[in-house]
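The values are calculated or read from the model by the stated rules, or taken from the named source; none is laboratory data. These figures come from a predicted structure and were not determined experimentally. Note that each Cβ is placed from the backbone with ideal geometry, even for glycine, and that neighbours are counted across all protein chains shown. Areas reflect the complete protein model, heavy atoms only, side chains present, ligands, DNA and RNA absent. Shrake-Rupley method; radii C 1.70, N 1.55, O 1.52, S 1.80 Å.
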Amino acid sequence: MKTVAWKFEKEIPVIFDVDVAVLGGGPGGLGAAVMSAKAGAKTLLIERYSMLGGMASVGEVSPFMPNHYKDGSSFDRPVYTRWVQQMNSYLPEEIRSKIPAGDNAENGLTRTIGKEIAALAAEDLCIEAGVKLLYHHKLCGASVKKGKIDFIVLDSKSGFVAVRAKNFVDCSGDADLAAVSGCEFELGDAEGHCQPMTLCFKLSHVRRELMPNWEAFQKLYKDGQQSGALSCPRENVLYFAHHDEDVIHFNTTRVQGKSAVDGIELSDAEVEARKQLREYIIWLRASVPGFEQAQLHSMGAHIGVRETRRVKGLAYLTREDFVKRSKFPDAISRCNYPIDIHCPTPGKSGTELVHMESSEYYEIPYGCVVAKDISNLTIGGRPISVDHAIHSSMRVMPPACTVGQAAGLAAALSSQRNCSPAKLDGCEVRKKLVEMGAYL
Ligand SMILES: Cc1cc2nc3c(=O)[nH]c(=O)nc-3n(C[C@H](O)[C@H](O)[C@H](O)COP(=O)(O)OP(=O)(O)OC[C@H]3O[C@@H](n4cnc5c(N)ncnc54)[C@H](O)[C@@H]3O)c2cc1C
């Protein structure tokens, strides 16, 4: 590709100078910002879009997966469970009782929650905790001095602006801040292929009572693929009931072989996924009972991104730790969600699922959220220091939020003590998390 030189040197305003700046308002950023503010740090949450929730809102990822101990206790206290509780408060009691909330995930007939509710409830939590929210600001650079981020540069309607913080937490999902700051990271599987992207969507005006059962639906899907009506390479059609009786949520388009941290490929992925979406609507109306009058209810404003960069931290967790159910004295999160790898290899299909019993879990140690190359940076949400397999397990929203809360607390403690997160005792971070309501 041809290149041009562009030297940009200009005075830009420092719009905030805070203790902790969290980049990204998805589940990880929510956990980080709320915990940091609750620990007493002056906290800024920066988000490129107009709302919080990340994949749960702009990505239209409405099903919230379980991550529970056998007695029903959520591993994801306190921020995630509070988020679920707040989401439920937006729904009438009759519907609320059907949706799993934190500690009683087994009682639900459905566990999908609409994106607007996810965004509103996340904002409620931030306001409640005293987090300053900064929407419509996108990270585009960082000034690093002696291995420490001095300030970050954001692109906004006012042009380029700077934010200073004692500590930064990268919860951008893609580890954008770690990448522009020069951190070492991994991408995808051994061949560098990331899990496929999926544009989620919902259809309304569905008559559920007429819908085929799961097996019959899959048979119709195979017929649809064989007839050429559907070009989606997924091995099955994945759908979930929604709290609105006539709405079905689809998490089923599949775009392989494109990188979500390559601008052009990300754009192409949106086009390819929407082509699949159009085919799905036509096929469902024509071929699947109950969908004759179906209408497009909503779709992600951003294609769903499962996997991109994973930042190298002070600790590194691998598939072996999943197999051994590893435990650590400085654990900051527990997880028993399966290894869940949607086939990353272009031209191949399938999903690898490796479950564990609900009486089992593995733990994530503190070092997985501490970036090894930058002294005032912690990582929350999906890009923490783990391998491709562990990432596929901990990336779901409850643990993503919980590792975020540890990264946020560590940033707050570091700013209060004028030290690097690497200098904190992980066991003390764990103790403090427990005092603040974590399940560890
Ligand atoms: C298709 C799909 C289906 C899924 N299904 C489920 C499911 O059923 N259940 C479940 O629990 N999980 C599911 N997941 C996983 C889950 O949604 C994500 O892994 C989780 O949201 C990760 O949280 P996060 O905070 O790390 O990242 P994200 O949710 O991606 O949030 C990152 C945030 O950072 C912001 N951001 C990014 N870059 C910048 C920047 N440069 N400047 C400013 N802001 C920025 C984004 O706008 C976003 O708000 C699914 C994911 C996908 C893609």
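Numbers below:
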| item | result |
| --- | --- |
| Amide H contacts of GLY304 (H built 1.01 Å from N, under 5 Å, at least 5 apart or other chain) | THR198, LEU199, CYS200 |
| Region 274-393 - share of DSSP beta bridges that are antiparallel (%, nearest 5) | 90 percent |
| Å² of accessible area per residue within region 24-171, as computed with a 1.4 Å probe and no ligands counted | 39 Å² |
| Carbon and sulfur %, accessible surface of region 201-299 computed with the full protein complex present, 1.4 Å | 54 percent |
| Solvent-accessible area of SER287 with every protein chain in place, 1.4 Å probe, in Å² to the nearest 10 | 50 Å² |
| Per principal axis, descending, Cα span of the chain in whole Å | 63, 58, 41 |
| Solvent-accessible area of THR351 with every protein chain in place, 1.4 Å probe, in Å² to the nearest 10 | 50 Å² |
| Dipole in debye (nearest 20) - the chain, about Cα centre, beta carbon charges: Lys, Arg +1; Asp, Glu -1 | 800 debye |
| Accessible area per residue, Å², region 384-440 with all protein chains present, probe 1.4 Å | 29 Å² |
| Cα-centre dipole for region 171-327 with unit charges at Cβ (Lys and Arg positive, Asp and Glu negative), debye to 20 | 320 debye |
| Label point distance in nm, SER50-ALA5, each placed 7 Å from Cα along Cα→Cβ | 4.2 nm |
| Full-stretch length increase - SER73, LYS157 - with 0.36 nm per residue and alpha-carbon distance subtracted | 25.8 nm |
| Computed over region 201-299: relative contact order in percent, which uses C-alpha pairs under 8 Å that are six or more apart | 45 percent |
| Ranked packing of 229-240, 318-329, 38-49, most packed first, by mean Cβ within 10 Å | 38-49, 229-240, 318-329 |
| Solvent-accessible area, 1.4 Å probe, carbon plus sulfur percent, for region 372-437 | 48 percent |
| Inter-label distance for SER358 and GLU191, nm, one decimal - labels placed 7 Å from Cα along Cα-to-Cβ | 3.7 nm |
| Vicinal HN-Hα couplings computed from phi for region 169-186 (Karplus, 6.51 cos²θ - 1.76 cosθ + 1.60; Hz; Gly/Pro x) | 10, 8, 10, 7, x, 9, 6, 4, 5, 4, 5, 6, 8, x, 6, 6, 9, 10 |
| Per-selection Kirkwood Rh - region 289-350 (Cα, Å, 1 d.p.) | 16.6 Å |
| Exceeding the 24 Å Cα-Cα cut-off - candidates LYS258/LYS312; LYS202/LYS275; LYS70/LYS312; LYS148/LYS431; LYS70/LYS222; LYS146/LYS312 | LYS70/LYS312; LYS148/LYS431; LYS70/LYS222 |
| Antiparallel %, DSSP beta bridges [both residues in the chain], to 5 | 70 percent |
| Value of relative contact order over the chain, rounded to a whole percent, pairs C-alpha under 8 Å and six or more apart | 23 percent |
| Solvent exposure of region 201-299 as accessible area per residue, Å², 1.4 Å probe | 46 Å² |
| Burial order of peptide ranges 289-295, 161-167, 403-409 (average beta-carbon count within 10 Å, highest first) | 403-409, 161-167, 289-295 |
| Only Lys, Arg (+1) and Asp, Glu (-1) charged, at Cβ; region 194-274 dipole about Cα centre in debye | 180 debye |
| Whole-Hz ³J(HN,Hα) from phi, Karplus 6.51 cos²θ - 1.76 cosθ + 1.60, for region 64-77, glycine and proline x | 9, 6, x, 8, 10, 7, 4, 7, x, 6, 6, 6, 10, 9 |
| Theoretical ellipticity at 222 nm over the chain - DSSP helices of four or more residues, -39500 (n - 2.57) apiece, nearest 500 | -9000 deg cm²/dmol |
